[in-house]
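S.K.: Could you have a look at this structure, given as structure tokens, before my questions?
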Amino acid sequence: MSIRIHYPYILLLAVVLAGCKGNEDKTEQTPTAAAVPAQIVAQGRVEPMARITSIGCQTGGIIRKIYVAAGDSVRKGQALMEINHDYEDALLQQAQARYATQGAEIDNVTAQLKAARIKSDNLRTRLQRIKNMYAQNAETKQNMDNAQAELDQSLADIDRYNAMLVSAHKTTEQSQADINVVKAQIAQKTVLAPADGVVLNMDLTEGAGVSPDRPLFDFAPASPLTVLCEVDELYFDKVKMGQKAYIRNQGMSERLAESEVIFLSPYIKKKSLFSDDSSNMEDRRVREVRLQVKGNAKLLFNSRVEVVISI
């Protein structure tokens with residue numbers, strides 16, 4: 001049996017295969033440009049620029065009076081809450097009584113010192129007169145010695161009263177220091193607003209006990225409204241200062257407010273803002289970005305929103 005080879009067909013097949021290979025090489029060598037999005041969408045949290053802080057007390061005790069409620073606007077230094085300080089009040093009265101007693105003692109010693117100085121002046125004059133008379137043989141040496149002894153005793157009394165006065169002043173200073181300490185302790189019983197701002201929550205009641213190691217309530221200092229968000233590592237170099245953005249509710253399209261990038265974190269970290277979301281299993285790195293909200297948008301502190309950044 002003989003095999004007939006049709007050379008024209010073989011040549012045609014070789015040309016077709018060569019053309020396919022050439023097209024394949026061209027496809028592999030043609031680079032594809034990576035798509036750059038016009039916007040970046042990131043999840044964020046609404047908070048004041050000065051950050052929400054927890055307010056605590058410097059000392060423990062029983063709440064005597066609560067002066068504010070959740071949502072109240074307060075001024076710096078305004079009393080928010082007072083803890084019972086009956087014991088400290090008693091200590092203050094005691095210290096003030098000691099101070100008053102020492103004041104009376106100072107007055108008494110001062111009067112005695114004044115009298116001793118007058119007496120010594122008189123005794124000095126008398127001694128000089130006796131000396132003059134003794135020089136003229138008109139007075140005895142015994143009387144002159146007695147006058148000298150009386151003057152010396154008077155001068156010793158002055159020294160003693162001066163020492164008593166110094167001691168009384170020192171005791172008074174100590175009593176004043178005791179008063180200042182007790183007043184400071186009483187001042188610690190009043191919780192003051194650290195700045196102008198808003199009391200965010202107040203779950204305490206009068207008569208409840210508090211301790212210095214536990215926060216009492218949350219406080220938002222008066223400052224511009226911001227949104228802190230985390231941008232995925234794919235877009236680290238796409239976010240710039242001053243870029244415009246708008247804020248919307250998660251999964252919605254309606255714009256709640258306009259904003260602008262005012263801070264870019266100088267380092268990269270793992271996701272943290274919403275780490276409590278158990279469904280988020282990605283292990284990606286993020287960069288913190290803060291945006292300042294424009295206008296008078298009514299956004300709730302700590303609410304989750306989406307930020308759409310124009311790049």
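S.K.: May I ask you to evaluate 6.51 cos²θ - 1.76 cosθ + 1.60, the Karplus curve with θ = phi - 60°, for each residue of the stretch 45-57 and list the ³J(HN,Hα) values in order in whole Hz, giving x for glycine and proline?
M.R.: 10, 7, 7, x, 4, 7, 6, 6, 10, 9, 9, x, 10
S.K.: Quote to one decimal, in nm, the extra length available between residue 310 and residue 94 on full extension: 0.36 nm per residue of separation minus the C-alpha distance between them.
M.R.: Contour length minus the Cα-Cα distance gives 70.9 nm.
S.K.: Quick one: helix 7-29 against the long Cα principal axis of the chain, what's the angle to the nearest 10°, folded into 0 to 90?
M.R.: Helix 7-29 and the main axis of the chain meet at about 10 degrees.
S.K.: Okay, next question. Taking N as the number of residues in the stretch 86-187, what is its Cα Rg relative to 2.2 N^0.38 Å?
M.R.: Computed over Cα atoms of the stretch 86-187, the ratio equals 1.75.
S.K.: Which ³J(HN,Hα) values, rounded to whole Hz and listed in residue order, are derived for the stretch 155-170 from phi using the Karplus coefficients 6.51, -1.76 and 1.60 in 6.51 cos²θ - 1.76 cosθ + 1.60 with θ = phi - 60°, glycine and proline given as x?
M.R.: Along the stretch 155-170, the couplings run 5, 5, 5, 4, 4, 5, 5, 4, 5, 4, 5, 4, 5, 5, 5, 5 Hz.
S.K.: With Cβ to Cβ distances under 11 Å as the rule, what net charge do the other residues near residue 124 carry (K, R +1; D, E -1)?
M.R.: Taking every other residue near residue 124 into account, the sum is +2.
S.K.: Neighbour counts of other C-beta atoms within 10 Å: give me 298, 119 arranged from fewest to most.
M.R.: Taking fewest neighbouring Cβ atoms as first place, the list is 298, 119.
S.K.: Then there's this: Please sort by residue number the chymotrypsin sites (Phe, Trp or Tyr not before Pro) in the stretch 208-311 whose DSSP state is loop and whose Cβ has at most 16 other Cβ atoms within 10 Å. It would help to have the intermediate numbers written out before the result.
M.R.: Working: sites: 217, 219, 235, 236, 246, 263, 267, 274, 301; in loops: 267, 274, 301.
Of the chymotrypsin sites (Phe, Trp or Tyr not before Pro), the ones in loops of the stretch 208-311 whose Cβ has at most 16 other Cβ atoms within 10 Å are 267, 274, 301.
S.K.: Next question. Could you work out the relative contact order of the chain, using alpha carbon pairs under 8 angstrom and six or more residues apart, expressed as a whole percent?
M.R.: RCO, the chain: 31 percent.
S.K.: May I ask you to list the residues of the stretch 116-146 whose amide nitrogen lies under 15 Å from a point 7 Å from Cα along the Cα→beta-carbon direction of residue 152?
M.R.: Counting backbone N atoms under 15 Å from the label point, the list is 124, 127, 142-146.
S.K.: On a 32 Å Cα-Cα criterion, which of the cross-link pairs 189/271; 114/141; 76/170; 270/294 come out too long?
M.R.: Beyond 32 Å: 189/271; 76/170.
S.K.: Once both labels are modelled 7 Å past Cα along the beta-carbon direction, what's the residue 104-residue 301 spacing in nm?
M.R.: Modelled inter-label distance: 5.3 nm.
S.K.: Among the aspartates and glutamates, which have Cα under 18 Å from the Cα of residue 131 when same-chain residues fewer than 8 positions away are ignored?
M.R.: Cross-link targets: 121, 139, 145, 150, 152.
S.K.: Read phi for every residue in the stretch 204-215 and hand back ³J(HN,Hα) as whole Hz from Karplus 6.51 cos²θ - 1.76 cosθ + 1.60, θ = phi - 60°, with x for Gly and Pro.
M.R.: 9, 10, 5, x, 7, x, 10, 10, x, 8, 10, x
S.K.: In degrees between 0 and 90, to the nearest 10, how far off the longest principal axis of the chain does helix 86-135 point, with axes built from Cα atoms?
M.R.: Once rounded, one gets 40 degrees.
S.K.: Looking only at 55, 262, 118, which one moves most when the chain is put into a Gaussian network model with springs between Cα atoms under 10 Å?
M.R.: Among 55, 262, 118, the largest mean-square fluctuation in the Gaussian network model of the chain belongs to 118.
S.K.: Here's a follow-up. Extension gain residue 173-residue 214, at 0.36 nm per residue separation less the Cα-Cα distance, in nm?
M.R.: On the way: separation 41, 0.36 × 41 = 14.76 nm, distance 3.65 nm.
That pair, residue 173 and residue 214, stretches by 11.1 nm at full extension.
S.K.: Then there is this: Hey, with R₀ at 35 Å, roughly what FRET efficiency would residue 70 and residue 269 work out to, going by the Cβ-Cβ distance, to 0.05? Provide the component values of the computation, followed by the final result.
M.R.: Working: r = 33 Å, r/R0 = 0.93.
After rounding, the FRET efficiency stands at 0.60.
S.K.: R0 = 51 Å: FRET efficiency of residue 126 with residue 87, Cβ-based, nearest 0.05?
M.R.: 0.30
S.K.: Calculate the FRET efficiency for residue 50 and residue 255 from the Cβ-Cβ distance with a Förster distance of 22 Å, rounded to the nearest 0.05. Walk me through the intermediate numbers first.
M.R.: Details: r = 25 Å, r/R0 = 1.15.
With a Förster radius of 22 Å, E is 0.30.
S.K.: Could you pull out every residue, at least 5 positions away or on a different chain, whose amide H is within less than 5 Å of the one on residue 190? Hs are placed 1.01 Å off N in the peptide plane, and Pro or chain starts have none.
M.R.: Placed amide hydrogens put 83 under 5 Å from residue 190.
S.K.: In terms of the ratio Rg/(2.2 N^0.38 Å) built on C-alpha atoms, what value belongs to the chain?
M.R.: After normalising by residue count via 2.2 N^0.38 Å, the value is 2.30.
S.K.: Counting only residues 5 or more places away or on other chains, whose amide H sits under 5 Å from the amide H of residue 195 once H atoms are built in the peptide plane?
M.R.: It is 77, by chain and number.
S.K.: Same structure again: Quick one: grab the alpha carbon gyration tensor of the stretch 212-259, order the square roots of its eigenvalues as a ≥ b ≥ c, and give me rounded if a/c is under 1.5, else prolate or oblate depending on whether a/b is larger than b/c.
M.R.: The shape class here is prolate.
S.K.: Given labels modelled 7 Å from the Cα in the Cβ direction, how far is it in nm from residue 183 to residue 205?
M.R.: 3.7 nm
We did not get these values from a lab; they are worked out from the coordinates using the rules stated. No experiment lies behind these values; they were computed from the predicted model shown. Positions of Cβ are backbone-derived with ideal geometry, glycine not excepted, and every protein chain shown enters the neighbour counts.
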